[in-house]
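The values are calculated or read from the model by the stated rules, or taken from the named source; none is laboratory data. What you are looking at is a predicted structure, and each value in this text was computed from that prediction instead of being measured. Positions of Cβ are generated from backbone atoms using ideal geometry, with glycine treated the same way; all protein chains shown enter the neighbour counts.
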Amino acid sequence: MTTRRILFRLLWPLVFVLPLWVLLGRAFFGAPLGLQFVGQVLLVPLLFAGHVVAAGLIVARRSVRSSRAVSWLDAGLLVAAWLAQLALGFFLVDRSSGAGAASGFTAATGGDLDLSTALSALASVLTIASVIALVVSGGWQLLRETGRRVAASMAELDRVAGIGVAQAGARRPSTPWPDAASSGSARGDGPVIRIETRTDDGPRRP
């Protein structure tokens, strides 16, 4: 639970920090920024938007807000996405730099540029895949939780309606209601109806 709560607290700050790291990570190690930086300025907002959507879907779940902790599925995908972006900002090679191709990795260690290129390509694929997985997983978990809540609400309404019907049945008389004739004769307060037939000699009582 502690790990999931820590990830919940880091959710929104890293939505802003990691895209900036991908954009400017090379500069922290002294690697020059070339014309590729312009293309990243256009693409990094898409990465930011994907993280905003994923974070919104995660926080939209009541279970996450009440416990202030992400699910284990969220935790695994978030860690994968964050590590992929950290690697991308470190290994991404800017080949349009006026001072020559460079990455944070090559500037810091003087390592092999081909290795940095391969690792940055791998990090790019993992970043895209993990962000898409976060959005899909967040939507699926939100729909699943919403469906459970709706089903629980409907079950509660059915239960309350059943209690109301049972109480109404308990208040209903257990014996059938007597007809008018028997009611009047038994209680002495019902109306008495007399039928007379008329003949030529006058009224005749039955």
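Beta carbons closer than 7 Å, at least 6 apart along the sequence or on distinct chains, pair a first residue in segment 95-124 that is aromatic (F, W, Y) with a second that is surrounded by 14 or more Cβ atoms within 10 Å (Cβ to Cβ) for F105/F90; F105/F91; F105/G111; F105/S116. Pairs are defined by a Cβ separation below 8 Å, a sequence spacing of at least 6 or placement on different chains, a first member in segment 53-79 that is closer than 14 Å to L10 by Cα, and a second member that is outside any helix (DSSP H, G or I) and small (G, A, S); the pairs so defined are V64/S71. The set of residues from segment 18-39 being surrounded by fewer than 18 Cβ atoms within 10 Å (Cβ to Cβ), assigned to a helix (DSSP H, G or I) and either aromatic (F, W, Y) or in contact with a helix residue (DSSP H, G or I) (Cβ under 9 Å, 6 or more places away or on another chain) (or both) comprises L20, L24, A27, F28, F29, F37. I'd like the residue in segment 40-70 that is outside any helix (DSSP H, G or I) and among the charged types (D, E, K, R) and, out of all such residues, is nearest to M1 (Cα to Cα). The residue in question is R68. Across segment 102-125, the qualifying residues are those that are assigned to a helix (DSSP H, G or I) and surrounded by fewer than 13 Cβ atoms within 10 Å (Cβ to Cβ), and the one among them that is modelled with the highest pLDDT is V125. Take the conditions (1) in contact with an Asp or Glu (Cβ under 9 Å, 6 or more places away or on another chain); (2) surrounded by fewer than 14 Cβ atoms within 10 Å (Cβ to Cβ); V64 misses just one of them, which is (2).
Looking across segment 76-101, just one residue is buried (at least 18 other Cβ atoms within 10 Å of the Cβ) and of a type in the set (V, I, T), and that is V93. Within the set V79, V52, V38, the sole residue that is modelled with pLDDT of 95 or more and over 21 Å from L122 (Cα atoms) turns out to be V52. All of I132, I195 fail the test of being among the aliphatic types (A, V, I, L, M), at pLDDT 90 or above and either loosely packed, with under 10 Cβ neighbours inside 10 Å or part of a helix (DSSP H, G or I) (or both), apart from I132.
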